Amino acid sequence: MKIVVDENMPFVAPLFGELGEIVSVNGRTLTAQQVADADVLLVRSVTKVNAALLESNQKLKFVGSATIGTDHVDLAYLDARNIPFSNAPGCNATAVGEFAFIAMLELAQRFDSSLKGKVVGIVGAGNTGTAAAKCLEAYGIEVLLNDPIKEAQGDPRQFVSLDAIMQRADIISLHVPITRSGEHKTHHLFDEARLNALKPHTWLLNCCRGDVIDNQALIRVKRQRDDLKLVLDVWEGEPNPLPELVALAEMATPHIAGYSLEGKARGTFMLYQKVCELLTLPATKNLTELLPLFRIGSMQLTTIPDEKGLLALARCVYDLRDDDNLFRKTFLNENGFDKMRKNHKHRREFSALALAYKDQSKVDWLSNLGFSGVGR
């Protein structure tokens, strides 16, 4: 069996090595010829899976995408050809939620503010938006959720309108899929008019898809409104973000909000489970065995951390400033955007760090944030 896989997908060899021949490819430049004799195709969001890519292949048994979104896959075409497909919903939700939370802590520190007391609007209450809300609520932050689709589906959580978020939220974090038509389209959801309508001193974070915000309009608005603070992990025109916009963002990264080792391992592992199920083979591999030991075995807390202390703990796990600094230095280099994504292998989640404190009840909120081992 021939397994064609995006070269940036981790843990493929230990999971799929016993199932067949693994051929690694550049997912962004993958051609129909390269996939012509594949039995299994494993991709990420940079690969457009459609008739043009698969027209020469008559033996494909499975297509998997180690992503939450499916907008890069022609699902109708796969269905018409009876090619099974699976993605990995929720695989990197924790990573994205923690990324957004850490970014907010970093902005609070940078601008001598406090995250406590602010109101955060989450636009898009799916897996990643829910994970961001979980972190914020664990820390005692008021969260407003906007998701008209989930609200219409009967989701029991309390939702507010986007206008209400615009009026009340001090911070807005975007977590929607990209849709280009329909009543709830998200393409340029934040157009020039909506950007101009943001409250003074709003922090705007985008960790979903670049064209949810009109990037050209954002440049114009930001140049006129320095009170707005931007955290941008995604960009229109990836892998070639507008240099002018990078310069205007307070924190800038190359679509890596979900790139924790845990999240990437989960994505590949979920596809491994699906392939085993399809082939009626036992899934003998274990997710936890894939992850390396964290560089800090455990940490004894002597006091309950304040916000500055919480940021210090977060930086022990993942220092967002490092990626922001490296991105600004390298994104204009040849393939700089993709090279940084490919080489991004150091990010961990809060669960990698075990904390200990003499009175567990006083630090339950750290456990709710995701840190492991809280308590004696």
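What follows is calculated from the coordinates using simple rules that are stated; it is not laboratory data. Here the structure is a predicted model, which means the values were calculated and not measured. All Cβ positions, even for glycine, are placed from backbone atoms using ideal geometry, and neighbour counts span all protein chains on display.
Dimensions of the chain based on its C-alpha atoms, expressed as ranges along the principal axes with the largest first, amount to 58, 52, 47 Å.
With K and R counted +1 and D and E -1, the other residues having a Cβ less than 15 Å from that of residue 318 yield a net charge of -2. In degrees between 0 and 90, to the nearest 10, how far off the longest principal axis of the chain does helix 93-110 point, with axes built from Cα atoms? Compared with the principal axis, the helix lies near 30 degrees. Considering only alpha-carbon pairs that sit under 8 angstrom and 6 or more positions apart, the relative contact order computed for region 221-320 is 18 percent.
Averaging the sequence gap over all C-alpha pairs within less than 8 Å and six or more residues apart, then dividing by the number of residues, gives region 75-138 a relative contact order of 42 percent. Classify region 288-330: rounded, prolate or oblate, from the alpha-carbon gyration tensor (a ≥ b ≥ c, eigenvalue square roots; a/c under 1.5 rounded; otherwise prolate if a/b is larger than b/c)? Oblate, because a/c is 1.5 or more while a/b does not exceed b/c. Net charge dipole, region 293-369: roughly 300 debye, given to the nearest 20, about the Cα centre with Cβ charges of +1 for Lys and Arg and -1 for Asp and Glu. Got a sec? Charge dipole of the chain, +1 on Cβ for Lys and Arg, -1 for Asp and Glu; which of 24, 45, 303 is way out at the positive end? Farthest towards the positive pole: 303.
Can you give me the angle between helix 307-317 and the longest principal axis of the chain, using Cα atoms only, in degrees from 0 to 90, rounded to the nearest 10? Roughly 20 degrees between the two axes.
For residue 326 and residue 26 in one chain, what is 0.36 nm times their gap in residues minus the Cα-Cα distance, to one decimal in nm? It would help to have the intermediate numbers written out before the result.
Details: separation 300, 0.36 × 300 = 108.00 nm, distance 2.23 nm.
Here the answer is 105.8 nm.
Here the Gaussian network model covers the chain, with springs between Cα atoms less than 10 Å apart; of 229, 264, 185, 185 fluctuates the most. With neighbours defined as other Cβ atoms within 10 Å of a residue's Cβ, the residues 234, 46 order from fewest to most as 46, 234. Relative contact order of the chain: 14 percent, from C-alpha pairs under 8 Å at least 6 residues apart in sequence.
Using a Förster distance of 35 angstrom, determine the FRET efficiency expected from the C-beta separation of residue 56 and residue 343, and round it to 0.05. The pair residue 56/residue 343 has a calculated efficiency of 0.65.
Taking the inverse of the mean reciprocal distance over all distinct Cα pairs, the Kirkwood hydrodynamic radius of region 293-369 comes to 14.5 Å. Ordering 125, 288, 99 by the projection of their Cα atoms onto the charge dipole of the chain, which places +1 on the Cβ of Lys and Arg and -1 on the Cβ of Asp and Glu, puts 288 at the extreme positive end.
Kirkwood hydrodynamic radius, region 190-342, all distinct C-alpha pairs: what's the number in Å?
Taking every pair of different Cα atoms in region 190-342, averaging 1/r and inverting gives 18.4 Å.
Taking the Cα centre of region 87-225 as origin and assigning +1 to Lys and Arg Cβ atoms and -1 to Asp and Glu Cβ atoms, the resulting dipole is close to 320 debye. Ranked for footprinting exposure by Cβ neighbours inside 10 Å, fewest first, 341, 347, 28 give 28, 341, 347.
Taking the Cα centre of the chain as origin, sum charge times position over the Cβ atoms of Lys and Arg (+1) and Asp and Glu (-1), and report the length of that vector in debye to the nearest 20.
Values: 43 positive and 46 negative charges, 113 e Å.
Roughly 540 debye for the chain.
Give 59/264; 274/358; 59/329 a once-over and call out the pairs whose C-alpha atoms are over 32 Å from each other. Cα-Cα > 32 Å for 274/358; 59/329; rest within.
Between the listed residues 90, 261, 175, the Cα displaced farthest toward the positive end of the dipole of the chain, a dipole computed from Cβ unit charges relative to the Cα centre, is found at 261. Calculated on the Cα set of region 1-142, radius of gyration then Dmax: 19.5, 60 Å.
With a Cα cut-off of under 20 Å and a minimum spacing of 8 residues unless on different chains, the lysine pairs in region 93-252 number 10.
When every alpha-carbon pair in region 93-252 is counted, what percent end up more than 25 Å apart? It would help to have the intermediate numbers written out before the result.
Details: 2872 of 12720 pairs.
Tail of the P(r) past 25 Å holds 23 percent of the pairs.
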